[in-house]
Each structure stands twice: as C-alpha cells, then as structure tokens.
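The values are calculated or read from the model by the stated rules, or taken from the named source; none is laboratory data. As the structure is a prediction and not an experimental result, all values here were calculated from the model. Please note: Cβ atoms are built from the backbone with ideal geometry, for glycine as well, and neighbour counts cover all protein chains shown.
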Amino acid sequence: MKNNIEKDLKKYYNDISKSLTCNRKKKQNIINTIKKNVKLCRENNPNINIDEIINYFGKPNDIAEAYYDTETAEDISSKTKLSHKILICTVTALALALLIYIAIVVTALMHSIKSESAYGETIITETSQSDII
C-alpha cells in the first residue's frame, strides 16, 4: 500500500510541475514546499490516501492557479514581454530566411535563363553559318 501511494505522489508532483509554466527554479521550489507539507501530513495521518491528499492540497491545476494568483502584475508583465520578444525574433528570422531563399531561387533562375539564352544563340549561329555555305 505504501508503494502505491509513493507512485501516486510521484505522478501528483509531476502533474503539478506540468501545470506550472514558471521557470524551473520556481517550479522546484513549489514542488519542494508541497512535498514537505505532504510529508508532514502523512506523518500526522499515516493511513491517508492519495485522494485525501489531493482533496486537502488541491488538484494540480488548482495549485497552478493559486500560484498565479500570488504573482505580481510586474512578474506576469515581464514574462509576457519576454515571450513577445521571442516571438518577434522568431518571425523576423523566418522572414529573413524566406527572403534569402527567394533570392537564391531567383538568382538560380536568372543564371539558368542566361545559360539557355547563350546556348540558343550558339545553335542559331551554327545553323546560320551552315546555311551560308
């Protein structure tokens, strides 16, 4: 029975971690705090099961929401600004890559057209000279 609750707790902590979108350090601090509190709870209630633990501490999404409720507007704003900058950089890099690709394709086509044009003139010139003779 004890082994099952350990597996269930491991899954519970993992689900909490997945629900949080903060950085790794903050996630680890939150998980460690919950682990300490669960350990104390289990010491006081040795027969507690995973459902009772989840009811007491909350579902993973509820824990994540509670964490976000405690964050300041400044923290949220700085994360939003960073993700916005990353998005702008990604879009800019993709646009630049597309422009370079188009330039390469156009250059290759122009080179191909010039080669065909030069080849065609050579054939016409040879044909013209043979007609004269």
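Within segment 22-32, the presence of at least one residue that is in a loop (DSSP other than H, G, I, E, B), within 30 Å of residue 83 (Cα to Cα) and in contact with a Phe, Trp or Tyr (Cβ under 8 Å, 6 or more places away or on another chain) is confirmed. Can you pull out the residues in segment 39-57 that are surrounded by 10 or more Cβ atoms within 10 Å (Cβ to Cβ) and either of a type outside the set (Lys, Arg) or more than 37 Å from the chain's Cα centre (by Cα) (or both)? Within segment 39-57, 40, 41, 45, 48, 49, 50, 52, 53, 54, 55, 56, 57 qualify. Scanning segment 39-51 for residues that are part of a helix (DSSP H, G or I) and under 10 Å from residue 5 (Cβ atoms) turns up 42, 50.
Given the structure, is residue 123 at pLDDT below 80, of a type in the set (A, V, I, L, M), in a helix (DSSP H, G or I) and outside the structural domain of residue 13 (by TED's automatic domain parsing)? Criteria met by residue 123.
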